[in-house]
């Protein structure tokens, strides 16, 4: 005599935790899509970086061609175009230590490229943010390798002189921070939505 058929037990749903979710305890059903940079992200990065480096090199060439070293032109209020040279990094750190600055810059550029390769799709701002940082960093690095210094010319009197590459780097870092915050908020919103629990 055969036994009555047993009710088939439902299979447990496998929960996979992937990536850098803000809440490590929040399970993510199924496999999450890859955050690695694709062709569109790399293209955006290259275009932004090339435009930033080109603009920086153009403005430096104009300053060095029009102003002697040390000369300044008043623009508005405390803002002047002042032709100076910087052998260090921001605020004169590591002045006259070009090899140290080159090593630090090259290491930072390499780390940024690796980060972008792994996380380029995390937020639409990332190609622009990383492109600005890379373009500015590469432009200054080329000057240090070629000349042993960078040309600074944007002078606010109460602030150390800087150049367009430095501006791009600061803006890019700010956009990076905003993209991280926005991506984390989006992840948190998805993780707590009713649809994510169904």
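Just a few scattered comments:
- Some residue of region 182-195 being surrounded by 15 or more Cβ atoms within 10 Å (Cβ to Cβ) and either at pLDDT 90 or above or more than 24 Å from residue 123 (Cβ to Cβ) (or both): no
- Residue ID - modelled with the lowest pLDDT, chosen from residues in region 77-93 that are out of contact with any helix residue (DSSP H, G or I) (no Cβ under 7 Å at 6 or more places or on another chain) and part of a loop (DSSP other than H, G, I, E, B): 93
- Of all the residues in region 101-135, those that are farther than 19 Å from residue 51 by Cα and at pLDDT 90 or above number 9.
- Subset of region 107-121 (residues that are under 14 Å from residue 39 (Cα atoms) and surrounded by 15 or more Cβ atoms within 10 Å (Cβ to Cβ)): 116, 119, 120, 121
- Screening 74, 96 for residues that are assigned to a loop (DSSP other than H, G, I, E, B), closer than 18 Å to residue 161 by Cβ and modelled with pLDDT under 95 leaves exactly one candidate, 96.
- Residues that are in contact (Cβ under 8 Å) with a residue 24 or more places away in the chain and exposed (fewer than 12 other Cβ atoms within 10 Å of the Cβ), drawn from region 41-91: 78, 91
- Test for residue 163: is it within 14 Å of residue 49 (Cβ to Cβ), in contact with a helix residue (DSSP H, G or I) (Cβ under 7 Å, 6 or more places away or on another chain) and surrounded by 15 or more Cβ atoms within 10 Å (Cβ to Cβ): no
- Qualifying positions in region 144-171 - assigned to a helix (DSSP H, G or I) and in contact (Cβ under 8 Å) with a residue 60 or more places away in the chain: 164, 165, 166, 168
The values are calculated or read from the model by the stated rules, or taken from the named source; none is laboratory data. Source: prediction; values computed, not measured. Neighbour counts are summed over all protein chains in view; Cβ atoms, including those assigned to glycine, are modelled from backbone coordinates with ideal geometry.
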